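Comments concern the structure below.
The values are calculated or read from the model by the stated rules, or taken from the named source; none is laboratory data. These figures come from a predicted structure and were not determined experimentally. Cβ placement follows ideal geometry from the backbone for every residue including glycine, while neighbour counts extend to all protein chains displayed. The accessibility values were calculated without ligands, DNA or RNA, using every heavy atom of the protein model including side chains. Shrake-Rupley method; radii C 1.70, N 1.55, O 1.52, S 1.80 Å.
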Amino acid sequence: MSNSTYITSSCIISNHVVYKNGQPVFENKELGISDFLVSVYRYLNIQYPKFHKMDNLSKLGWLACQVLLQNNFDAAKYKPEETGIVLSNKNSSLDTDTRYLQTTNEIPSPALFVYTLPNIMIGEIAITHGFKGENAFFIFDEFDAAFVEQYVNNLLNCNILQCCICGWVELLNNEYKAALFLIEKNKSTNSIIFTKENLNKIYQVQNG
Amino acid sequence: MDKLMSDLKSQIIAQLNLQDTKPEDIGDDQPLFVEGLGLDSIDALELIVLLQQHYKIKLSNAEEGPKVFKSVRTMAEYITAHQAQNA
(Lines give C-alpha, C1' and ligand atoms only; values in the text may rest on other atoms or scores of the structure.)
Protein backbone atom coordinates (compact mmCIF):
# COMPACT_ATOMS: atom_id res chain seq x y z
CA MET A 1 0.00 0.00 0.00
CA SER A 2 1.30 3.42 -0.90
CA ASN A 3 1.50 6.22 1.69
CA SER A 4 0.95 9.84 0.79
CA THR A 5 3.98 11.68 -0.43
CA TYR A 6 4.19 15.34 -1.37
CA ILE A 7 5.63 17.69 -3.96
CA THR A 8 7.14 20.25 -1.62
CA SER A 9 8.93 22.35 -4.25
CA SER A 10 9.20 22.64 -8.02
CA CYS A 11 11.41 24.41 -10.52
CA ILE A 12 10.90 24.80 -14.24
CA ILE A 13 13.46 26.39 -16.55
CA SER A 14 12.06 26.86 -20.03
CA ASN A 15 12.06 29.50 -22.77
CA HIS A 16 14.68 31.52 -20.86
CA VAL A 17 12.44 31.88 -17.81
CA VAL A 18 13.04 30.32 -14.38
CA TYR A 19 9.93 29.37 -12.41
CA LYS A 20 9.94 28.46 -8.74
CA ASN A 21 6.75 26.87 -7.41
CA GLY A 22 4.86 28.17 -10.43
CA GLN A 23 6.07 31.77 -10.18
CA PRO A 24 8.58 33.32 -12.59
CA VAL A 25 11.66 34.41 -10.62
CA PHE A 26 14.14 35.19 -13.39
CA GLU A 27 13.98 35.91 -17.10
CA ASN A 28 16.54 36.79 -19.74
CA LYS A 29 15.32 36.36 -23.31
CA GLU A 30 18.23 38.13 -24.97
CA LEU A 31 20.88 35.47 -24.68
CA GLY A 32 21.88 32.17 -26.28
CA ILE A 33 21.54 29.08 -24.13
CA SER A 34 25.12 29.07 -22.76
CA ASP A 35 25.02 32.74 -21.75
CA PHE A 36 21.50 32.36 -20.38
CA LEU A 37 22.68 29.58 -18.06
CA VAL A 38 25.57 31.75 -16.84
CA SER A 39 23.09 34.61 -16.26
CA VAL A 40 20.96 32.33 -14.05
CA TYR A 41 24.12 31.35 -12.14
CA ARG A 42 24.97 35.04 -11.60
CA TYR A 43 21.38 35.75 -10.52
CA LEU A 44 21.59 33.02 -7.87
CA ASN A 45 24.75 34.68 -6.52
CA ILE A 46 26.45 31.40 -5.71
CA GLN A 47 30.20 30.88 -5.67
CA TYR A 48 30.81 27.46 -7.20
CA PRO A 49 33.70 27.70 -9.71
CA LYS A 50 33.13 24.14 -10.92
CA PHE A 51 29.86 25.33 -12.47
CA HIS A 52 31.81 26.85 -15.36
CA LYS A 53 33.42 23.50 -16.15
CA MET A 54 30.13 21.66 -16.54
CA ASP A 55 28.51 20.99 -19.89
CA ASN A 56 25.23 22.78 -20.65
CA LEU A 57 23.07 19.82 -19.64
CA SER A 58 24.70 19.58 -16.22
CA LYS A 59 24.54 23.35 -15.81
CA LEU A 60 20.81 23.29 -16.55
CA GLY A 61 20.08 20.47 -14.09
CA TRP A 62 22.39 21.91 -11.44
CA LEU A 63 20.79 25.37 -11.66
CA ALA A 64 17.26 23.93 -11.58
CA CYS A 65 18.23 21.98 -8.46
CA GLN A 66 19.67 25.08 -6.79
CA VAL A 67 16.39 26.93 -7.39
CA LEU A 68 14.35 23.90 -6.34
CA LEU A 69 16.08 23.57 -2.96
CA GLN A 70 16.57 27.25 -2.18
CA ASN A 71 14.44 28.13 0.88
CA ASN A 72 12.46 24.88 0.48
CA PHE A 73 14.80 22.21 1.73
CA ASP A 74 16.02 21.47 5.22
CA ALA A 75 19.12 19.36 4.64
CA ALA A 76 19.46 18.75 8.37
CA LYS A 77 16.28 16.64 8.30
CA TYR A 78 17.92 13.91 6.25
CA LYS A 79 21.02 11.74 6.34
CA PRO A 80 23.07 11.96 3.12
CA GLU A 81 21.92 8.50 2.01
CA GLU A 82 18.24 9.38 2.52
CA THR A 83 18.07 11.88 -0.36
CA GLY A 84 18.07 10.47 -3.88
CA ILE A 85 17.92 11.82 -7.42
CA VAL A 86 15.86 10.34 -10.29
CA LEU A 87 16.10 12.22 -13.58
CA SER A 88 15.09 11.62 -17.16
CA ASN A 89 15.30 13.17 -20.61
CA LYS A 90 14.98 12.42 -24.31
CA ASN A 91 18.39 12.97 -25.82
CA SER A 92 20.69 11.73 -23.07
CA SER A 93 24.03 13.59 -23.33
CA LEU A 94 23.87 13.92 -27.14
CA ASP A 95 24.53 17.68 -27.02
CA THR A 96 27.92 17.10 -25.40
CA ASP A 97 28.59 13.84 -27.27
CA THR A 98 28.48 15.83 -30.52
CA ARG A 99 30.78 18.52 -29.17
CA TYR A 100 33.20 15.90 -27.90
CA LEU A 101 33.22 14.14 -31.27
CA GLN A 102 34.21 17.41 -32.93
CA THR A 103 37.27 17.71 -30.65
CA THR A 104 38.46 14.26 -31.71
CA ASN A 105 39.46 15.74 -35.08
CA GLU A 106 42.40 17.29 -33.23
CA ILE A 107 43.06 16.51 -29.57
CA PRO A 108 40.06 14.98 -27.74
CA SER A 109 39.02 17.06 -24.74
CA PRO A 110 39.12 15.14 -21.44
CA ALA A 111 36.94 17.82 -19.84
CA LEU A 112 34.19 17.26 -22.42
CA PHE A 113 34.59 13.48 -22.37
CA VAL A 114 33.60 13.25 -18.70
CA TYR A 115 30.20 14.75 -19.56
CA THR A 116 29.35 12.21 -22.26
CA LEU A 117 26.92 10.45 -19.89
CA PRO A 118 23.71 12.10 -18.65
CA ASN A 119 24.02 10.74 -15.11
CA ILE A 120 27.13 12.90 -14.63
CA MET A 121 24.57 15.67 -14.02
CA ILE A 122 23.25 13.66 -11.07
CA GLY A 123 26.83 13.37 -9.81
CA GLU A 124 27.32 17.13 -10.00
CA ILE A 125 24.15 17.74 -7.96
CA ALA A 126 24.98 14.99 -5.47
CA ILE A 127 28.54 16.28 -4.93
CA THR A 128 27.36 19.85 -4.41
CA HIS A 129 24.74 18.93 -1.81
CA GLY A 130 26.36 15.83 -0.33
CA PHE A 131 23.50 13.51 -1.36
CA LYS A 132 24.42 9.84 -1.29
CA GLY A 133 21.03 8.18 -1.81
CA GLU A 134 19.75 6.03 -4.66
CA ASN A 135 19.98 7.66 -8.07
CA ALA A 136 18.98 6.80 -11.61
CA PHE A 137 18.73 8.39 -15.03
CA PHE A 138 16.13 7.25 -17.58
CA ILE A 139 15.68 8.04 -21.26
CA PHE A 140 12.10 8.56 -22.51
CA ASP A 141 10.57 10.16 -25.60
CA GLU A 142 8.78 12.61 -23.34
CA PHE A 143 8.28 13.37 -19.65
CA ASP A 144 6.59 10.30 -18.17
CA ALA A 145 4.88 11.49 -14.99
CA ALA A 146 3.25 8.09 -14.35
CA PHE A 147 6.63 6.35 -14.35
CA VAL A 148 8.21 9.01 -12.12
CA GLU A 149 5.34 8.77 -9.64
CA GLN A 150 5.53 5.00 -9.46
CA TYR A 151 9.33 4.74 -9.33
CA VAL A 152 9.89 7.49 -6.77
CA ASN A 153 6.97 6.42 -4.57
CA ASN A 154 8.42 2.92 -4.53
CA LEU A 155 11.77 4.27 -3.29
CA LEU A 156 10.03 6.34 -0.61
CA ASN A 157 7.48 3.77 0.50
CA CYS A 158 10.12 1.05 0.78
CA ASN A 159 12.20 3.42 2.93
CA ILE A 160 15.08 3.29 0.48
CA LEU A 161 14.80 7.10 0.46
CA GLN A 162 13.13 9.68 2.66
CA CYS A 163 13.33 12.44 0.08
CA CYS A 164 13.83 12.53 -3.69
CA ILE A 165 14.65 15.09 -6.35
CA CYS A 166 13.08 13.95 -9.59
CA GLY A 167 12.02 15.17 -12.99
CA TRP A 168 13.12 16.00 -16.51
CA VAL A 169 16.26 17.78 -17.73
CA GLU A 170 16.52 17.90 -21.51
CA LEU A 171 18.93 19.92 -23.64
CA LEU A 172 19.97 19.58 -27.26
CA ASN A 173 21.48 22.53 -29.12
CA ASN A 174 19.19 25.47 -28.32
CA GLU A 175 16.17 23.42 -27.26
CA TYR A 176 15.90 22.71 -23.56
CA LYS A 177 13.58 22.26 -20.61
CA ALA A 178 14.18 21.43 -16.97
CA ALA A 179 11.35 20.44 -14.63
CA LEU A 180 12.46 19.32 -11.17
CA PHE A 181 10.33 18.30 -8.22
CA LEU A 182 11.22 17.81 -4.58
CA ILE A 183 9.30 14.87 -3.14
CA GLU A 184 9.04 14.37 0.62
CA LYS A 185 6.98 12.28 3.00
CA ASN A 186 5.79 15.19 5.09
CA LYS A 187 3.57 18.08 4.10
CA SER A 188 4.97 21.58 4.11
CA THR A 189 3.59 25.02 3.27
CA ASN A 190 1.99 24.96 -0.18
CA SER A 191 2.91 21.32 -0.80
CA ILE A 192 0.60 19.20 -2.94
CA ILE A 193 0.11 15.46 -3.16
CA PHE A 194 2.64 13.69 -5.33
CA THR A 195 0.61 12.29 -8.21
CA LYS A 196 1.18 12.03 -11.94
CA GLU A 197 -1.67 14.49 -12.47
CA ASN A 198 -0.01 17.13 -10.29
CA LEU A 199 3.39 16.50 -11.89
CA ASN A 200 1.87 17.00 -15.33
CA LYS A 201 -0.04 20.07 -14.20
CA ILE A 202 3.17 21.78 -13.02
CA TYR A 203 5.16 20.52 -16.01
CA GLN A 204 2.64 21.74 -18.55
CA VAL A 205 1.82 25.13 -17.03
CA GLN A 206 5.20 26.40 -18.16
CA ASN A 207 5.36 24.15 -21.21
CA GLY A 208 7.78 25.36 -23.79
CA MET B 1 60.14 33.75 -18.87
CA ASP B 2 57.77 36.45 -17.53
CA LYS B 3 56.00 36.70 -20.89
CA LEU B 4 55.68 32.92 -21.08
CA MET B 5 54.25 32.72 -17.54
CA SER B 6 51.79 35.48 -18.36
CA ASP B 7 50.68 33.65 -21.53
CA LEU B 8 50.37 30.39 -19.59
CA LYS B 9 48.07 31.97 -17.00
CA SER B 10 45.68 33.19 -19.71
CA GLN B 11 45.84 29.84 -21.49
CA ILE B 12 45.16 27.90 -18.27
CA ILE B 13 42.11 30.08 -17.54
CA ALA B 14 40.76 29.55 -21.06
CA GLN B 15 41.54 25.83 -21.24
CA LEU B 16 40.07 25.03 -17.82
CA ASN B 17 37.10 27.44 -17.98
CA LEU B 18 38.20 29.25 -14.81
CA GLN B 19 35.78 32.08 -15.54
CA ASP B 20 35.93 33.61 -12.07
CA THR B 21 39.74 33.72 -12.12
CA LYS B 22 41.91 36.47 -13.61
CA PRO B 23 45.53 35.96 -14.71
CA GLU B 24 46.75 38.19 -11.86
CA ASP B 25 44.96 35.87 -9.38
CA ILE B 26 47.42 33.09 -10.23
CA GLY B 27 50.81 33.43 -8.54
CA ASP B 28 53.93 32.34 -10.42
CA ASP B 29 54.78 29.82 -7.70
CA GLN B 30 51.27 29.10 -6.45
CA PRO B 31 50.52 25.34 -6.40
CA LEU B 32 48.11 24.53 -9.22
CA PHE B 33 46.57 21.51 -7.51
CA VAL B 34 44.76 20.87 -4.23
CA GLU B 35 45.49 23.74 -1.86
CA GLY B 36 46.46 26.27 -4.53
CA LEU B 37 44.28 26.81 -7.57
CA GLY B 38 42.30 23.70 -6.63
CA LEU B 39 42.64 21.88 -9.93
CA ASP B 40 41.64 18.21 -10.20
CA SER B 41 42.65 15.14 -12.21
CA ILE B 42 40.59 16.11 -15.27
CA ASP B 43 42.27 19.52 -15.20
CA ALA B 44 45.62 17.74 -15.23
CA LEU B 45 44.63 16.03 -18.47
CA GLU B 46 43.54 19.38 -19.90
CA LEU B 47 46.95 20.85 -19.01
CA ILE B 48 48.57 18.03 -21.00
CA VAL B 49 46.29 18.98 -23.93
CA LEU B 50 47.30 22.64 -23.46
CA LEU B 51 50.99 21.75 -23.79
CA GLN B 52 50.24 19.81 -26.98
CA GLN B 53 48.01 22.45 -28.54
CA HIS B 54 49.99 25.57 -27.74
CA TYR B 55 53.58 24.31 -27.50
CA LYS B 56 53.57 21.03 -29.48
CA ILE B 57 54.95 19.25 -26.44
CA LYS B 58 53.83 15.71 -25.68
CA LEU B 59 54.33 14.71 -22.08
CA SER B 60 55.65 11.23 -22.72
CA ASN B 61 56.43 10.27 -19.15
CA ALA B 62 53.36 10.50 -16.88
CA GLU B 63 55.60 10.49 -13.80
CA GLU B 64 56.90 13.91 -14.85
CA GLY B 65 53.39 15.36 -14.43
CA PRO B 66 53.46 16.36 -10.76
CA LYS B 67 56.83 18.10 -11.23
CA VAL B 68 55.90 19.86 -14.49
CA PHE B 69 52.46 20.99 -13.32
CA LYS B 70 53.47 22.07 -9.83
CA SER B 71 53.10 25.76 -10.69
CA VAL B 72 53.04 28.16 -13.62
CA ARG B 73 56.79 28.68 -13.15
CA THR B 74 57.57 24.94 -13.37
CA MET B 75 55.43 24.68 -16.50
CA ALA B 76 57.27 27.63 -18.05
CA GLU B 77 60.64 26.11 -17.12
CA TYR B 78 59.64 22.79 -18.69
CA ILE B 79 58.47 24.49 -21.91
CA THR B 80 61.65 26.60 -22.10
CA ALA B 81 63.88 23.56 -21.54
CA HIS B 82 61.95 21.57 -24.15
CA GLN B 83 62.19 24.39 -26.70
CA ALA B 84 65.94 24.76 -26.05
CA GLN B 85 66.41 21.01 -26.59
CA ASN B 86 64.62 21.19 -29.92
CA ALA B 87 66.16 24.44 -31.13
Original post:
Can you pull out the residues in the stretch A:14-36 that are in a helix (DSSP H, G or I) and away from every other protein chain (no Cβ under 14 Å)?
Top reply: A:Ile33, A:Phe36
Original post:
Going through the stretch A:40-50 one residue at a time, which ones are under 25 Å from A:Ser93 (Cα atoms), outside any helix (DSSP H, G or I) and more than 12 Å from chain B (Cβ to nearest Cβ)?
Top reply: none
Subject >> Residues that are aromatic (Phe, Trp, Tyr) and either out of contact with any strand residue (DSSP E or B) (no Cβ under 9 Å at 6 or more places or on another chain) or surrounded by fewer than 22 Cβ atoms within 10 Å (Cβ to Cβ) (or both), drawn from the stretch A:149-183 >> reply: A:Tyr151
Original post:
With B:Ala76, B:Ala84 as the choices, which residue is open to solvent by 50 Å² or more (accessible area, probe 1.4 Å), of a type in the set (A, V, I, L, M, F, W, C) and out of contact with any Cys (no Cβ under 8 Å at 6 or more places or on another chain)?
Top reply: B:Ala84
**OP:** Return the residue satisfying two criteria in turn: it lies in the stretch A:184-197 and is of a type in the set (S, T, N, Q) and surrounded by fewer than 18 Cβ atoms within 10 Å (Cβ to Cβ), and of such residues it is nearest to A:Asp95 (Cα to Cα).
**Re:** A:Thr195
Original post:
Among A:Asn174, A:Asn135, A:Asn157, A:Asn153, which is within 18 Å of A:Trp62 (Cα to Cα) and over 16 Å from the mean Cα position of the chain (by Cα)?
Top reply: A:Asn174
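The rows are residues; the columns are (1) within 14 Å of chain B (Cβ to nearest Cβ); (2) among the hydrophobic types (A, V, I, L, M, F, W, C).
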| position | (1), (2) |
| --- | --- |
| A:Val38 | yes, yes |
| A:His52 | yes, no |
| A:Tyr78 | no, no |
| A:Asn89 | no, no |
| A:Asp95 | no, no |
**OP:** Under 6 Å between Cβ atoms, at least 6 apart or on separate chains: pull out the pairs that start in the stretch B:22-46 with a residue that is more than 11 Å from chain A (Cβ to nearest Cβ) and end on any residue that is loosely packed, with under 14 Cβ neighbours inside 10 Å.
**Re:** B:Pro23/B:Ser10
Original post:
Just one of the numbered conditions (1) within 11 Å of another protein chain (Cβ to nearest Cβ); (2) open to solvent by 10 Å² or more (accessible area, probe 1.4 Å); (3) in a helix (DSSP H, G or I) is not true of B:Asn17; which one?
Top reply: (3)
**OP:** Determine if the stretch A:9-21 includes at least one residue that is farther than 20 Å from A:Leu171 by Cα and either of a type in the set (S, T, N, Q) or surrounded by fewer than 16 Cβ atoms within 10 Å (Cβ to Cβ) (or both).
**Re:** yes
**OP:** Please name all residue pairs, on different chains or six or more residues apart, with Cβ atoms under 6 Å, provided the first residue is in the stretch A:48-68 and is free of Cβ contacts under 8 Å to residues at least 24 places away in the same chain and the second residue is polar (S, T, N, Q).
**Re:** A:His52/B:Asn17; A:His52/B:Gln19
Original post:
On the given criteria, is B:Leu51 in a loop (DSSP other than H, G, I, E, B) and surrounded by 18 or more Cβ atoms within 10 Å (Cβ to Cβ)?
Top reply: no
Original post:
Given the conditions (1) open to solvent by 20 Å² or more (accessible area, probe 1.4 Å); (2) within 14 Å of another protein chain (Cβ to nearest Cβ); (3) assigned to a helix (DSSP H, G or I), which single one is not true for A:Gln66?
Top reply: (2)
**OP:** Would you point out the residue of the stretch B:20-47, among those that are in a loop (DSSP other than H, G, I, E, B) and modelled with pLDDT under 90, that is most open to solvent (accessible area, probe 1.4 Å)?
**Re:** B:Glu35
**OP:** Inspect the stretch A:117-127 for any residue being over 16 Å from the mean Cα position of the chain (by Cα) and closer than 30 Å to B:Leu51 by Cα and give the result as yes or no.
**Re:** no
